[in-house]
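Report on the structure given below.
No lab work stands behind these numbers, since they all come straight from the coordinates. Since we're looking at a predicted model, the values are computed, not measured. With ideal geometry, Cβ positions are generated from the backbone for all residues, glycine too; neighbour counts draw on all protein chains shown.
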Amino acid sequence: MSGKHVAVLMGGFSSERPVSLSSGAACADALEAFGYRVTRIDVDRDIATVLGALRPDVAFNALHGPFGEDGTIQGILEYLEIPYTHSGVLASSLSMDKGQAKIVAKAAGIPVAEAKVMDRHDFGQDHPIPTPYVVKPVREGSSFGVVIVQKDQSHPPQIITSSEWRYGDLVMVERYIPGREFTCGVMGGEALAVTEIIPQGHAFYDFDAKYAAGGSKHVIPAEILPNIYQNIQRLAVAAHHAMGCRGVSRSDFRLDESASGEGELIWLEINTQPGMTPTSLVPEMAVHAGHSFGEFLSWIVEDASCLR
């Protein structure tokens, strides 16, 4: 590995730019400490020209959100024939689109909540589905634009149709699943540990709960019945394969324990570019499995390729 040149792609111009800068800096520092030659690139519109001149051995994709996570940068890297990390063009694009990902997951036998994709301008005075429900931008991450509509709310939230909305016109309206939140990483097609996410002082796992100090508590391994734990792992791997993911992914779930039997377990979505700081969810899972942060990132680099 000594001397291999890794370009760490970070920043970009999506809503998740600050998160990506944090992930990228942490990855670049750890890879340098592990013996790689690292170039940090704050991605701009000239990225194809920059990479074409640099010609790194590997592009480590630490971008989050549109452009970095939706197949766009992956297509540029394929065109330039630069091996890159994480999922390829199709898997990235499919996984980023919550509506299409849900269709594929359901076809693969993965339990999902009832939902519909609609134009935000088509919201009227009546609720599009029975309350409570969740409205999510179809192609955003880090919980940007997520709105929970409570059972006693008389009409849809006005923010969805207002000029202040900046998350695209297509939204997904999904049945709200009460209960506990779990997530499970997949590394090379194998499930990592299941983590329970407990927001601290937040109604749900929103942006602040994800990234503010003390915003959430991670319980790893999750304290649930062994068969539910194993089912979450099984479904995370099934989603990884159904979407055609490579490298590392992370699937999120809700468990409604008030439902009959052992409760209702629902797959929410898959993340092909999970956060990559030492305290992010998937690196925590890797450490739990016995890999240091540097070893985990090295595995990702060595797994890089084109035609993913």
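Eigen-decomposition of the gyration tensor built on the alpha-carbon atoms of the chain gives equivalent ellipsoid semi-axes of 32, 23, 17 angstrom, largest listed first. Summing Cβ point charges (Lys, Arg +1; Asp, Glu -1) relative to the Cα centre of the chain gives a dipole of roughly 260 debye. The distance linking region 113-170 with region 47-65 is 35 Å (Cα centroid to Cα centroid, whole angstrom).
When the charge dipole of the chain is built from unit charges on Cβ atoms (+1 for Lys and Arg, -1 for Asp and Glu) and taken about the Cα centre, the candidate among P132, G290, L255 whose Cα reaches farthest toward its positive end is G290. Taken over region 115-175, the alpha-carbon convex hull comes to 74 cubic angstrom per residue. Within the straight-line cut-off of under 22 Å between alpha carbons, the lysines reachable from K116 are K98, K102, K106, K136, K151, sequence neighbours fewer than 8 places apart in one chain being disregarded. Each listed q (0.17, 0.21 Å⁻¹) maps to a log10 I(q)/I(0) for region 1-145 from the Debye sum over equal C-alpha point scatterers, namely -0.96, -1.25.
Gyration tensor analysis over the Cα atoms of region 248-287 returns equivalent ellipsoid semi-axes of 27, 11, 7 Å (largest first, whole Å).
Of the peptides 216-223, 77-84, the ranking by mean beta-carbon count within 10 Å, highest at the top, reads 77-84, 216-223. For region 85-202, what relative contact order do you get, as a whole percent, if you take Cα pairs closer than 8 Å and at least 6 residues apart? So the answer I get is 26 percent. Computed over all pairs of different Cα atoms, the Kirkwood value for the hydrodynamic radius of region 233-308 is 14.0 Å.
Rounded, prolate or oblate: which fits region 5-86 when a ≥ b ≥ c are the square roots of the eigenvalues of the alpha-carbon gyration tensor, with rounded for a/c under 1.5 and prolate only if a/b beats b/c?
Working: a/c = 1.75, a/b = 1.08, b/c = 1.62.
Oblate.
Our helix-only sum for the chain, with -39,500 (n - 2.57) per DSSP H run of n ≥ 4 divided by its residues, gives a mean residue ellipticity at 222 nm of -9000 deg cm²/dmol. Against the empirical curve 2.2 N^0.38 Å, the C-alpha radius of gyration of region 86-156 lands at a ratio of 1.25. Summarised as an ellipsoid, region 74-196 has semi-axes of 30, 20, 13 Å, derived from the eigenvalues of the Cα gyration tensor scaled by 5 and square-rooted, with the largest first.
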